[in-house]
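The values are calculated or read from the model by the stated rules, or taken from the named source; none is laboratory data. Remember, predicted model here, so these are calculated numbers, not experimental data. A quick note on method: Cβ atoms are made from the backbone with ideal geometry, for glycine too, and the neighbour counts reach across all protein chains shown.
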Amino acid sequence: MGIVMVKCPETGRAIPTGMEADRSSFQCAPVFFSRVFCPICKTNHEWFAKDAWVRELGRRIRSHSRVAETVGPVSKTA
Ligand SMILES: [Zn+2]
């Protein structure tokens with residue numbers, strides 16, 4: 001899980017939207033837009049999902065993918 005971040009259109013700073021999302025599921029989320037209160041501008045900005053990204057909490061990057069043993073197709077051509 002992570003925090004959905006957007007870029008403030010006025011200052012270019014990254015601001016948290018307060019939304020929590022999973023990075024992979026967020027990327028698959030349908031296009032939507034929302035509003036976020038910007039602590040820098042002290043106003044609301046509208047943002048689109050495509051402009052947002054997920055900042056993962058706790059930088060624990062672990063690969064779940066193990067090197068799979070690929071078993072080739074057994075051809076029975078004789
Ligand atoms: Zn702003």
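Quick rundown of the values:
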read-out: Candidates Ile15, Ile61, filtered to the one that is of a type in the set (A, V, I, L, M) and modelled with pLDDT of 95 or more; value: Ile15
read-out: Test for Glu46: is it modelled with pLDDT of 90 or more, among the charged types (D, E, K, R) and surrounded by fewer than 12 Cβ atoms within 10 Å (Cβ to Cβ); value: yes
read-out: Listing of strands (runs of 3 or more DSSP E) fully contained in the range 1-56 that carry 1 or more residues being under 14 Å from the mean Cα position of the chain (by Cα); value: 2-7, 14-21, 43-48, 53-56
read-out: In the range 1-33, the residues that are among the small types (Gly, Ala, Ser) and in contact with a Ser or Thr (Cβ under 7 Å, 6 or more places away or on another chain); value: none
read-out: All positions within the range 7-46 that are hydroxyl-bearing (Ser, Thr, Tyr), away from the ligand (no atom under 12 Å from the Cβ) and over 19 Å from Leu57 (Cβ atoms); value: Ser34
